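As structure tokens, the structure follows; a few thoughts come after it.
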Amino acid sequence: MSYKILFNPFERISEVKLFVFGLISLMLGSVLGFVFKGRFDGIFDLHFVDQINILNPLIDNVINTLILFLVFFSFGKYINPKTRMIDILNVSLISRIPIYFLSFSNFNGFISEVSNSIISKIDVDNITKIPTFEFSDIFILLVFAAISFIFLAWMIVLLWNGFKVSTNAKGIGNVVAFAFLIILTEILSKYLIITFNS
Amino acid sequence: MIPKLPVICPSCSDALSVSELSCSVCATKVSGNFSLPALMSLSQEEQSFILDFFVSSGSLKEMAQKMGVSYPTVRNKLDDLIQKIKLTNNI
């Protein structure tokens, strides 16, 4: 039962509990972003920066959540007029929790240091020169990429399961539309964050 | 153990109909050809769901609390059941 809650809490948990938990997660996720210098500059994005202020990650997360909500509520209403706002809002809040966990990877500036070490090996004045990277740096980056992939997959599973429960969506057509809308939300959130919160 | 009433023919999978009813008090038997009510085409679980819906005065919120699931889960189950009944009874 417990593993099902991780991938589909929307089937069993009431909307009030999901909303409170989702809201607290958004706040905590934003705090984690500030502490570990992470910017959530897109629905599926997390980039670590040198300078950050407390409001940046919070506004990032609010924009990301709102974009998810607006896009998927519109589509949800189209396929099922009985779709409720609170259910889609909860999906938008809860599905972002996996990406907040990735902030921990920059504990003590760990991933930032590895990234900077790799970037410093690239000779920008002589781009054709093949850089010599430290094996440990590449290994760490690959491990981080693999872990990130797992958490992003978890995020998409939460998003789909939540959407399916909220709208009773069925059939391959809705799955394909969902995939397109994910891409749309990423583009929209990226544009809005770059324009208004860079 | 309460035996389950079969509604589908195990031989050709068509809907079964009632040909004989009997009285357990006076042993009177009535024979004919009576079709089963629409609700009988549903599984035991589905019939229980409909009864729970009726007893809850149609409150999906109350049903969700009783069943320990979320409101949209109950709503989806009801919508799927409505669709099934419409299809099987050509409504």
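The values are calculated or read from the model by the stated rules, or taken from the named source; none is laboratory data. Not measured: the values here are computed from a predicted model. Glycine also receives a Cβ, built like all others from the backbone with ideal geometry; neighbour counts cover every protein chain displayed. To get the accessible areas, we keep the full protein, side chains included, count just its heavy atoms, and leave off ligands, DNA and RNA. Shrake-Rupley method; radii C 1.70, N 1.55, O 1.52, S 1.80 Å.
Values for this structure:
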item	result
By accessible area with a 1.4 Å probe, ligands and nucleic acids excluded, highest first: order of A:PHE196, A:PHE139	A:PHE196, A:PHE139
Formal net charge of residues neighbouring A:LEU23 (Cβ-Cβ distance under 14 Å; K, R +1; D, E -1)	+1
C-alpha center-to-center spacing [segment B:27-80, segment A:136-198] in angstrom	38
Degrees, to the nearest 10: A:110-120 long Cα axis against longest axis of chain A	50
Hull shadow area, averaged, segment A:1-90 [alpha-carbon convex hull, nm²]	6.6
Accessible area, probe 1.4 Å, largest first, for residues A:LEU93, B:LEU5	B:LEU5, A:LEU93
Accessible surface, 1.4 Å probe, highest first, among residues B:MET67, A:MET27	A:MET27, B:MET67
Acute angle (nearest 10 degrees) that the helix B:71-88 long axis makes with the longest principal axis of chain B, alpha-carbon atoms	30
Total accessible surface hidden between A and B, rounded to 100 Å², 1.4 Å probe	1000
Rule-of-thumb Rg ratio for chain B [Cα; 2.2 N^0.38 Å; N residues]	1.37
Principal-axis tilt of helix B:44-55 within chain B, Cα atoms, nearest 10 degrees	60
Largest to smallest principal axis extent of the C-alpha atoms in the protein assembly as shown, angstrom	101, 38, 35
Surface per residue (accessible, 1.4 Å probe) for the protein assembly as shown, Å²	61
Heavy-atom accessible surface of the protein assembly as shown: percent carbon and sulfur, 1.4 Å	68
Loop-located trypsin sites (Lys or Arg not before Pro) in chain B, at most 12 other Cβ atoms within 10 Å (DSSP)	B:LYS4
